[in-house]
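First comes the structure, then the notes that go with it.
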Amino acid sequence: MVNAVLKFVACCRTAGYRISTSEVVDCISQLELIDMLDEEGFRAVLRANFAKSRREQAQFDRLYHLYFHELRQDIDLDDPESMTERMEDVLRTLQEQANGNRAQRAILDFLQGDPMGFLEIMRRLQTEEVDMSQGRKFNLGPLASRLQVMVQLNDVKGRVERVLEENPFHYAADTRRNLARRFESQLERAYELLLREARPHNESLRQVRTHEQYLRQLGERPFTSLTPREIEQVREVIDRLVRKLKDIMSRRYASSSRGVLDVKKTLRRADRYLGVPMEIRFRKKPPKKGKVVTLCDISSSVWAAARFMLNILYSLQECFTKVNSFVFVSGLAEVTEIFENEEINHAIEKVLKDVDIDYLAQTDYGETFRQFRDRHMDALNKKTTLIIIGDARSNYFHPEDRILEEMREKCRRLIWLNPEPEGSWNTGDSEMFAYKPHCHELRECRNLNQLVDFVEELIL
């Protein structure tokens, strides 16, 4: 059983899991404490040691079922020994005909019960990035790679059928039918791995919806449908909200005569009164200020929501250690300095006029994430809240969701505000399905009520 666990660990590592040697040793030592014939207990021990978060548990369960149930022919008690040997004879013949084709050899090993090579191909496909040296940004590279693997699977399937039809081993008709069913079952599992790419399981994701009648009826109007007069009314509501939040934060930082007695400070202050403690000092640890980084899509209707969001954040700068802002369409530009030096409304106008961005270009989230990773990744740390404001519509360009995963790992929280109705997500060219597993929090933010709700939770 130890060898089976070690082979399973090798498969997990090939699939992209980070499993250390100490974790393997702990797992094996814990297996001695349970009845390994009890599969529930056996699986629970492996899951507790190797699945390090809830996001990894679903993928772990899939690999466990694949390895210990679907591919483990050698421990299948219902399988006659002769059938396994005859499968190996057919596969050995096909291996000799593979002519060094790495993909075909990996597929044949998968049919024989060794998924290592095929899982390595799947991991390479899932992490493949756009080849910018060829000047293309569309998601055709990964699709072409998957198509190549599909062609190899179809080729192996056809070769298996030809070998069974030609019958060089002189098998009986029943034996050939059983072999055909067994090979077809294994190939279906390979097709499923190729076509149904596993996504991280994000149980901690919060999708927050608006409370009805939270503010005035104006708060329910989408930003894109506001008239100029209504925009001024929305700004008045925002100003009141900003004043309210500033008052709350100032009270938090104000000194008070409550708390735990600070003996050292009290005695030091008593020196000026000849040792008489005239002033009592208390321990007061103020709340830590967070850092905010915003990525704002400034194309068409998305900019309507981003404008109000930036307005609030920069009116509350003293509530944060630092506020860094970036705007993007097909490329990325930092506008932090503009907002720090200009009044907020003038700053917004300056962004639209002076920033070197092609506002008529097609929105490309993948290119934005690539530029952020290459130029501004050091802006993120474990005190940073990253806020992305956009509809995730990337015009069928490569979404680069793997880069978003790297950004999530670098920051404390990743919050995505989508100005589209939730029913429109994952339709057309929207990549919200790809980005959703990598967010700590995902919100619909298309009107004032939803924006106010979010800002209050962010500050308070």
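Laboratory data are not the source of any read-out in this text; all were calculated from the coordinates shown. As the structure is a prediction and not an experimental result, all values here were calculated from the model. We place every Cβ from the backbone using ideal geometry, glycine too, and count neighbours over all the protein chains shown.
Considering helices alone, the calculated mean residue ellipticity of the chain at 222 nm is -16500 deg cm²/dmol, with DSSP H runs of length four and up weighted by -39500 (n - 2.57) and normalised per residue.
Taking the Cα centre of segment 80-201 as reference, the dipole from Cβ charges on Lys and Arg (+1) and Asp and Glu (-1) amounts to some 420 debye. Taking amide H positions as modeled 1.01 Å from N, with prolines and chain starts lacking one, the residues under 5 Å from R393 and 5 or more places away or on another chain are E431. Computed from the Cβ-Cβ distance with R0 of 51 Å, the FRET efficiency linking R196 to R283 stands at 0.35.
Rg and Dmax of segment 407-453, both derived from C-alpha coordinates alone, stand at 11.6, 31 Å. How many angstrom lie between the C-alpha centres of segment 301-360 and segment 1-72? A separation of 48 Å, based on Cα centres.
Taking amide hydrogens as placed 1.01 Å from N in the peptide plane, the amide H of R281 sits under 5 Å from those of D262, T266, each at least 5 positions away in sequence or on another chain. Phi-derived couplings, Karplus 6.51 cos²θ - 1.76 cosθ + 1.60 at θ = phi - 60°, listed residue by residue for segment 118-127: 5, 5, 5, 5, 4, 5, 5, 5, 6, 9 Hz, with x used for Gly and Pro. If only the Cβ of Lys and Arg carry +1 and only the Cβ of Asp and Glu carry -1, the dipole of the chain around its Cα centre is close to 2820 debye.
Neighbours of E56, meaning other residues whose beta-carbon lies under 10 angstrom from its beta-carbon, give a summed charge of +4 when Lys and Arg score +1 and Asp and Glu score -1.
Taking only the alpha-carbon atoms of segment 1-70, what semi-axes of the equivalent ellipsoid follow from 5 times the gyration tensor eigenvalues under a square root, in whole Å, largest first?
17, 14, 12
Our summary gives segment 305-434 a relative contact order of 22 percent, counting only alpha carbon pairs under 8 angstrom and 6 or more residues apart.
Based on alpha carbons, the Rg and Dmax found for segment 307-441 are 14.8, 41 Å. With θ taken as phi - 60° and the Karplus curve 6.51 cos²θ - 1.76 cosθ + 1.60 applied, the whole-hertz 3J(HN,Hα) list for segment 238-243 is 5, 4, 5, 5, 4, 4 Hz, x standing for glycine and proline. The mean sequence distance of close C-alpha pairs (under 8 Å, at least 6 residues apart), as a share of the length of the chain, puts its relative contact order at 14 percent. With both residues required to sit in the chain, DSSP beta bridges show an antiparallel share near 25%. A simple charge model with +1 on the Cβ of Lys and Arg, -1 on the Cβ of Asp and Glu and nothing else charged puts the dipole of segment 1-70 at about 480 debye relative to its Cα centre.
Give the peptides 412-423, 386-397, 52-63 in descending order of average Cβ contacts within 10 Å, highest first.
Sorting 412-423, 386-397, 52-63 by mean packing, highest first, produces 386-397, 412-423, 52-63.
The L460 and L147 beta-carbon pair, evaluated with R₀ = 35 Å, returns a calculated FRET efficiency of approximately 0.10. In the chain, the longest principal axis of the Cα atoms and the axis of helix 21-31 are about 70 degrees apart.
Scalar couplings 3J(HN,Hα) for segment 142-152, obtained by applying the Karplus form with A = 6.51, B = -1.76, C = 1.60 to θ = phi - 60°, are x, 5, 5, 5, 5, 5, 4, 5, 4, 4, 5 Hz; x denotes Gly and Pro.
Highest mean first, the peptides 351-358, 369-376, 105-112, 429-436 sorted by other C-beta atoms within 10 Å per residue fall in the order 105-112, 429-436, 369-376, 351-358.
When only Cα pairs below 8 angstrom with a gap of at least 6 residues are kept, segment 1-70 shows a relative contact order of 26 percent.
Packing around the peptides 234-245, 306-317, taken as the average count of other Cβ atoms within 10 Å per residue, puts them in this order, highest first: 306-317, 234-245.
For K353 and T224, a Förster radius of 25 Å and the Cβ-Cβ distance give a FRET efficiency of 0.70, rounded to the nearest 0.05. The angle between the Cα long axis of helix 173-195 and the main principal axis of the chain comes to about 20°, on a 0 to 90 degree scale. Pairs exceeding 32 Å between alpha-carbon atoms, taken from K322/K350; K52/K157; K265/K383; K350/K383; K7/K137: K52/K157; K7/K137.
Net charge in the neighbourhood of E406 (other residues with Cβ under 12 Å of its Cβ; Lys, Arg +1, Asp, Glu -1) is -1. Between S20 and R177, the distance separating the two model label sites (each 7 Å from Cα on the Cα→Cβ line) works out to 5.5 nm. Full extension of the chain segment joining R189 with K322 gains 42.9 nm, where the gain is 0.36 nm per residue of separation less the Cα-Cα distance.
An ellipsoid equivalent to the chain, defined through the eigenvalues of its Cα gyration tensor, has semi-axes of 55, 32, 18 Å when rounded to whole angstrom and sorted largest first.
For segment 80-201, the Kirkwood estimate of the hydrodynamic radius, built from every pair of different alpha carbons, is 15.8 Å. For segment 313-387, run through the GluC sites (Glu not before Pro) and keep only the ones in DSSP coil with at most 13 other Cβ atoms within 10 Å of their Cβ. Listed in order of number, the matching sites are E343.
Electrostatic bookkeeping for N324 treats Lys and Arg as +1 and Asp and Glu as -1; over the other residues with beta carbon under 13 Å from its beta carbon, the sum is 0. Relative to the dominant Cα principal axis of the chain, helix 39-50 is inclined by about 50°. Taking a straight Cα-Cα cut-off under 16 Å and skipping sequence neighbours fewer than 8 places away in the same chain, the aspartates and glutamates within cross-link reach of K244 are E236, E318, D453, E456, E457.
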